[in-house]
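Read-outs: derived from the displayed coordinates by stated rules, not from any lab. Not measured: the values here are computed from a predicted model. FYI the Cβ positions are ideal-geometry reconstructions off the backbone, even for glycines, and counts take in every protein chain you see.
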Amino acid sequence: MRRRSLLIAVPAGLVTLAGCGDDKKSDSSKASDSASPSASATSAAPPPKIVDGPLPAITAGTTFGTKPTVAKGTGDPSKQLAVKTVIAGSGKSVAENDYIQAHYLGQIWDTAKVFDNSYDRKTPLLIQLAQGSIIDGWRYALQGKKVGSRVMFSVPPTWAYGTSGNSQAGIKGTDTLVFVADIQDTFNATSSAKGTDVAQSDASLPKVGTNTDGKAPSIDVPKTDAPTKLVANYVIEGDGDKVTADSTVLVQYKGVLWDGGKEFDSTYGRKALTSFSLQQVVKGWAQGLTGKKVGSRVLIVVPPKLGYGDNPPSGSGIKKDSVLVFSVDILAKM
């Protein structure tokens, strides 16, 4: 059975951003080369019981954010979901359908074979805790846990890869999996940029609201000629890592037309965040977000040659040769 990529595919609502005519492989395809807790199929199994154990010991790397070493499981693992909070964090609580950012290690109970870990890649997992996006064991084990927590849990096949297993990762259909996850952050539909407001002094450019209450910011487009070159300016400057050209980002955004200021797309309206590779979107987005810091809100003005030119997506409300204006909150990257 083909395993889903670690990353979420661009959802239907993002038709107005998806790039075309680019033969480069996206981060999603690259990520599929590693064994992740991504779902191989939508599970129809009932929710498991959450039990305390048994769980193997963590023998090294016992501090949050460091790669753990986990002992081999002894005896028979639970047929339910065994979950233990090894380190209790004090941040926000994780909820169903949140996106989480976490470092993790996964190994097989019987052999202690590590089939994947994000610590060696130095890149945490960024994924949605939603059915069909990640194995159910993760969904049930991490709900209610707080940011800053280290959680250890064992997942029997019923809430992992089922009787088919995951041959790519060397996981048999009878294997119980053991995970250690360090929850770094959690994001939902009310998440916003966080940082320092930057002066918007150019009257010839749109002015974007600086509210950080999870509601859509205003975008006031001036009654002047649109710029002919790409504009990508901080509205709020965060202090996170810089986005690179091959990053996958988690964002809130709102898009309006320069001509008339009409909104044509928004995550706020859908009440759902969006995660995608910068290799999957129009050139104006890819170029405009590259080099910007996580946590920021960015004004992006996309001229037609870096947007859709004379071939806008059908049903998008975007006319030929439209200049597009976006407010983009960069919540996380991987």
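Descriptive notes on the structure:
- Proximity of backbone amide H atoms, modeled 1.01 Å from N, is registered between Phe264 and Gly255, Val256, Leu257 at under 5 Å, excluding neighbours fewer than 5 places apart on the same chain.
- Karplus-based coupling profile of segment 47-64, in residue order and whole Hz: x, x, 7, 8, 10, 7, x, x, 9, x, 7, 8, 9, 7, x, 8, 9, 4, with θ = phi - 60° in 6.51 cos²θ - 1.76 cosθ + 1.60 and x standing for Gly or Pro.
- Ranking Gly240, Ile219, Met334 by how far each Cα lies toward the positive end of the dipole of the chain (charges on Cβ) leaves Met334 at the top.
- For the chain, calculated [θ]222 nm from helices alone, where every DSSP H run of n ≥ 4 adds -39500 (n - 2.57): -1500 deg cm²/dmol
- Normalised contact order of segment 196-333, rounded percent, pairs of Cα under 8 Å and 6 or more residues apart: 30
- Here the Karplus relation 6.51 cos²θ - 1.76 cosθ + 1.60, evaluated at θ = phi - 60°, turns the backbone of segment 161-175 into coupling constants of 9, x, 6, 7, x, 9, 4, 4, 9, x, 9, 7, x, 9, 7 Hz, with x for every Gly and Pro.
- Segment Asn211..Ser167, full-extension length gain: 11.1 nm, with 0.36 nm per residue of separation and the alpha-carbon distance subtracted.
- Alpha carbon centroid spacing (whole Å) that separates segment 228-265 from segment 108-152: 30
- If R0 is 51 Å, the Cβ-Cβ spacing of Lys49 and Thr224 corresponds to a FRET efficiency of close to 0.25.
- Put simply, the amide H of Gly173, placed in the peptide plane, has neighbours under 5 Å in Gly165, leaving out anything fewer than 5 places away on its chain.
- Listed candidates (1) 43; (2) 50; (3) 47 - label of the one calculated as percent of Cα pairs over 27 Å apart: (3)
- With the cut-off at under 16 Å, measuring from each backbone N in segment 266-299 to a point 7 Å along the Cα-to-Cβ line of Val198 picks out 285-299.
- 15 Å Cα-Cα reach of Lys319 towards aspartates and glutamates, excluding residues that sit fewer than 8 places from it in its own chain: Asp259, Glu263, Asp265, Asp310
- Positive dipole terminus of the chain, leading residue within Gly106, Gly75, Tyr268 (C-beta point charges): Gly75
- Over segment 193-316, the ratio between the Cα radius of gyration and 2.2 N^0.38 Å evaluates to 1.02.
- Under 5 Å, built H, 5+ apart or other chain: amide partners of Lys145: Val94
- Residue separation of Gln287 and Thr62 scaled by 0.36 nm, minus their Cα-Cα distance, works out to 77.0 nm of gained length.
- Charge dipole (the chain, unit charges on Cβ, about Cα centre) - positive-most of Gly89, Val180, Val298: Val180
- Spin-label pair Ser93-Asp76: with each label point 7 Å from Cα along the Cα-Cβ axis, the two points sit 3.4 nm from one another.
- For Lys113 and Ala245, a Förster radius of 35 Å and the Cβ-Cβ distance give a FRET efficiency of 0.50, rounded to the nearest 0.05.
- Listed residue pairs exceeding 21 Å between alpha carbons, taken from Lys271/Lys305; Lys207/Lys262; Lys122/Lys145; Lys223/Lys254; Lys194/Lys229; Lys145/Lys293: Lys271/Lys305; Lys122/Lys145; Lys194/Lys229; Lys145/Lys293
- Distance (nanometres) between label positions extended 7 Å along Cα→Cβ at Ser316 and Gln131: 3.2
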